[in-house]
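First up is the structure itself, then whatever we jot down about it.
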Amino acid sequence: MAANDIPAALAGESGVTIRSSAELGALVKEVRRSQGLLQADLAGLSGTGNRYVVDLERGKPTLQLQKVLDMLDLLGLEVRVAPKRASLS
């Protein structure tokens with residue numbers, strides 16, 4: 001992914017906090033589009049069906065984790081786990 005293809009949400013080194021499958025799906029869709037890929041392109045690259053990409057981008061919560069991780073990797077993304085920050089109440 002070229003530097004100018006990075007969505008604004010990912011421009012900083014800190015990345016973005018994802019709290020739901022819907023948020024992850026929206027991010028995947030944004031990154032896919034920024035790379036000029038169609039859903040069918042991503043499906044072909046990942047060895048999944050187009051329906052899987054559609055389900056991921058719509059935030060379907062029951063998708064297989066490894067397939068999601070593989071698709072993120074194809075898009076140049078990674079998952080990092082960190083302690084939850086204290087919320088301001």
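Taken together, the values in this text are just the output of simple stated rules run on the coordinates, not laboratory data. Note that the coordinates shown come from a computational prediction; the quantities given were computed from them, not determined experimentally. With ideal geometry, Cβ positions are generated from the backbone for all residues, glycine too; neighbour counts draw on all protein chains shown.
Restricting GLN66, GLN35, GLN39 to residues that are farther than 27 Å from ARG85 by Cβ, of a type outside the set (Gly, Ala, Ser) and loosely packed, with under 14 Cβ neighbours inside 10 Å narrows the list to GLN66. Of all residues in segment 30-89, those that are over 13 Å from the mean Cα position of the chain (by Cα) and of a type in the set (Asp, Glu) total 1. If we scan segment 77-84, do we find a residue that is of a type in the set (A, V, I, L, M), in a helix (DSSP H, G or I) and under 14 Å from ALA26 (Cα atoms)? No, segment 77-84 contains no residue that is of a type in the set (A, V, I, L, M), in a helix (DSSP H, G or I) and under 14 Å from ALA26 (Cα atoms). Which of the residues belonging to segment 56-79 are free of Cβ contacts under 8 Å to residues at least 12 places away in the same chain and of a type outside the set (A, V, I, L, M, F, W, C)? Scanning segment 56-79 gives THR62, GLN64, GLN66, ASP73, GLU78.
Among the residues of segment 42-64, write down those that are of a type in the set (A, V, I, L, M) and over 16 Å from LEU27 (Cβ atoms). Listed by number, the residues that qualify are ALA43, LEU45.
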